[in-house]
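Comments concern the structure below.
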Amino acid sequence: MNTKKITASIVSLATASTLLAGLAVLPAHAEELGLKDSTKVNARVDLKTEDRLPKIISRSNVAIDARVDALNKLNARIQQMKNVSVTFKSNISSQIQTNILGLTTLKTKIDADTDVTIALTDEKSILGSFRIYALVIPQGYILASADRVDTVVSLMSDLGAKLQLRITAGQTAGKDVSKLQASLNDFNSKTADAKVQSNTAVTTIASLSPDQGDKIKQDANTTALKAARSNIKTATQDLRAAHEEVKTIIKGLKDLNLSVDASSSARVSQ
Amino acid sequence: MTTKATLGLIIIIVLIGLAGWWYAMDKPTETPTTIQTTNTQSTSSESTSPATNTTVTNSSDASIDQSVNSIDTEMKGLDSDNANTDSGLNAQN
């Protein structure tokens, strides 16, 4: 009887010891088997966050730097405009500087971001809040193009007067200048249309502002910019056509050999 | 020296003087300064002599060439402005 009790006790103790030893060793085996506990999952998420945030910040910095660079170049171009007032240039320059300041401030904020979600939201605002490439840059360069068209029109107007003088002199000298006069008329017509087109372009885009995420406004801005760009394209084509007419007229005048009849030119112009 | 010879010498000197005077009067009208001031607008000086008018013609050619060159330069600038506009419009963001 005592022997049985002693044996039972020994078996119980051995079983209990085995179970305890098993429980103690289990976590180590679990790790070896690749089982994940909550602590390990959280650590991996943190690692992922640490990995993503620098990438978002770096990407944002590149995007902002490129926009600031483009804005500075636009500002330099605006200052070269010849047919607008100082106030006009100053207003555009001020708007550009406001955008640069906004982007620079945003860059500082993104650099200090510690949360991926906030950083992503800030990154999105580079596009939605500013619309540098979608609005500001094309709007500024269309204004610059329109100003350039006006400059060319002015130069062509002066040139047209000189050519008219020569054609009239040729006519007075008895030369057939009908083709030259037709070319000059076309030249005048093209330059006049170029001026109209540039004015329309300016009127179309002068009051556009960033859409701030408003899709309807974004579409309206895009439509207006494309229409103005089309006006400038037509104006450019007009000027190219006028330029070709100039070549024709100059060649025609040389063929008339007007230098011999120059005295007629002088007399006619009196 | 006889009287006839003296008289002939005086006549020759006077003729040379007159030729020099005519040459001096004619030359200044061909200077570039006159050209630049008369190339776009007609003036009375343009009809004073054939030499003047020939010069005006040349100055007009130069003036026209200058205008064409200025236009060419501005047209290149216009192409650059248009390219920058298209670059923005194509980015769309």
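The values are calculated or read from the model by the stated rules, or taken from the named source; none is laboratory data. This one's a predicted model, so the numbers in the text were calculated from it and none came from an experiment. Counting neighbours? That spans all protein chains shown, and the Cβs are built from the backbone with ideal geometry, glycine included.
Couple of notes before you dig in:
- Hits in the stretch A:120-134 - residues which are in a helix (DSSP H, G or I) and surrounded by 24 or more Cβ atoms within 10 Å (Cβ to Cβ): A:132
Yes or no, residue by residue, for (1) buried (at least 17 other Cβ atoms within 10 Å of the Cβ); (2) among the hydrophobic types (A, V, I, L, M, F, W, C); (3) modelled with pLDDT under 95:
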position: A:172; (1), (2), (3): no, no, yes
position: A:182; (1), (2), (3): no, yes, no
position: A:189; (1), (2), (3): no, no, no
position: A:208; (1), (2), (3): yes, yes, yes
position: A:236; (1), (2), (3): yes, no, no
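- Condition check for residue A:200: without any contact (Cβ under 8 Å) to a residue 40 or more places away in the chain, within 19 Å of residue B:81 (Cβ to Cβ) and either among the hydroxyl-bearing types (Ser, Thr, Tyr) or surrounded by 14 or more Cβ atoms within 10 Å (Cβ to Cβ) (or both): yes
Here is a yes/no grid of residues against (1) within 14 Å of chain B (Cβ to nearest Cβ); (2) aromatic (Phe, Trp, Tyr); (3) farther than 20 Å from residue A:137 by Cα; (4) not in a helix (DSSP H, G or I):
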position	(1), (2), (3), (4)
A:57	no, no, yes, no
A:71	yes, no, no, no
A:75	yes, no, no, no
A:78	yes, no, no, no
A:89	no, no, no, no
A:95	no, no, no, no
A:99	yes, no, no, no
A:106	no, no, no, no
A:111	no, no, yes, no
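- Filter result for residue A:167 (facing chain B (nearest Cβ under 7 Å), touching a residue at least 60 places away in the same chain (Cβ under 8 Å) and in a helix (DSSP H, G or I)): no
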